[in-house]
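Note sheet for the following structure.
Values in this text are rule-based calculations from the coordinates and carry no lab data. All values reported here derive from a predicted model rather than from experimental measurement. FYI the Cβ positions are ideal-geometry reconstructions off the backbone, even for glycines, and counts take in every protein chain you see.
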Amino acid sequence: MEIVIASGNLHKIREFREMLKPLKSIDLLSLLNFPHYQPPPEDGKTFQENAMRKAEHAAQALQRWVLADDSGLVVPSLNGDPGVNSRRYAGEEATDSENRLKLLEAMRALKDLHRTAYFECCLVLASAQGVKKSVKGICEGEILHEERGRNGFGYDSLFIKNEYDKSFAEITESIKNRISHRHKALVKLLPTLETLQD
Ligand code: IMP
């Protein structure tokens, strides 16, 4: 059966493709397959709210099964920033690199003790009939003083997971896909995905 990843982010789409490979009966599409579809504004106060909106809206509009991801980086010392604004932290059209620079600047004076952070990923699976399941995964770590590594996207080069000595941008995508917030959320969704029928 077909499931549409409600995202046009190539990195996220690739991670989902890789992680869902073992589910042979699922064909993944993404919003790149529906260029005329206009996603709703992401103005929820939580990742969960935004993921719900994305999933319900796309499932209705496309009349298909949809898997929506809303995710981001939370830094408690910055009162939760960048949080739900992770993608547009440095401005509506900001690049990942501009967002990382803004984060480094905001944390410049913070000592290691105050550099804890976590990635959060909320996933919502929905059909045109409504929401089927909502799950969340968290990955805890800290923010580096400078960028390290070239893999990944977003804040990967600034994030180091607890008990690791490499940033998310220094490890391979296949390792990231076994330890990330997105992986942790997806694992909770697998039993439901396995039961879906056309
Ligand atoms: P969304 O597409 O509105 O969910 O925004 C996600 C944003 O959060 C991305 O643009 C990144 O800035 C950040 N983000 C989410 N997941 C990751 C990840 O796995 N690595 C690095 N940054 C991430």
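Some observations on this one:
- Stokes-Einstein translational diffusion, the chain - Kirkwood Rh over all Cα pairs, 1.306 mPa s, 10 °C, in µm²/s: 92
- ³J(HN,Hα) computed for each position of segment 116-126 - Karplus, 6.51 cos²θ - 1.76 cosθ + 1.60, integer Hz, glycine/proline x: 5, 7, 8, 8, 10, 10, 10, 10, 10, 9, 9
- Spatial offset of segment 70-144 relative to segment 1-50 amounts to 18 Å, using the alpha carbon center of each.
- When the convex hull of its Cα atoms is viewed from all sides, segment 92-156 shows a mean projected area of 6.4 nm².
- For the pair L101 and H114, label points projected 7 Å from Cα toward Cβ lie 2.4 nm apart.
- Within the shell of other residues whose beta carbon sits under 9 angstrom from the beta carbon of L123, the net charge comes to +2, with Lys and Arg scored +1 and Asp and Glu -1.
- Counted residue by residue at 0.36 nm each, then reduced by the alpha carbon distance between them, the extension gain from A128 to E42 reaches 29.0 nm.
- For segment 1-43, the square roots of the Cα gyration tensor eigenvalues, ordered a ≥ b ≥ c, give a/c of at least 1.5 with a/b greater than b/c, which places it in the prolate category.
- Computed log₁₀ I(q)/I(0) - Debye formula, equal Cα scatterers, no solvent, segment 1-80, q 0.17, 0.18 Å⁻¹: -0.70, -0.77
- Structure note, pairs K21/K54; K12/K45; K54/K102; K21/K45; K54/K111; K54/K166: Cα-Cα distances above 29 angstrom occur for K21/K45; K54/K111; K54/K166.
- Among 60-73, 130-143, the order from most to least packed when residues are scored by Cβ within 10 Å on average: 60-73, 130-143
- Relative contact order, percent, segment 85-184 [alpha-carbon distance under 8 Å, six or more residues apart]: 22
- Distant alpha-carbon pairs in segment 45-141 (separation over 19 angstrom), percent: 49
- For the chain, the membrane-span-like helix rule (DSSP H, alpha carbon extent of at least 27 Å along the helix axis, mean Kyte-Doolittle at least 0.0) picks out no helix; this says nothing about an actual membrane.
- Once backbone amide H atoms are built at 1.01 Å from N, W65 has V4 as its partners under 5 Å, excluding neighbours fewer than 5 places away on the same chain.
- E140 paired with L32, simple spin-label distance in nm, labels 7 Å along Cα-to-beta-carbon: 3.5
- Listed peptides 185-191, 6-12 by packing density, highest first (mean Cβ within 10 Å): 6-12, 185-191
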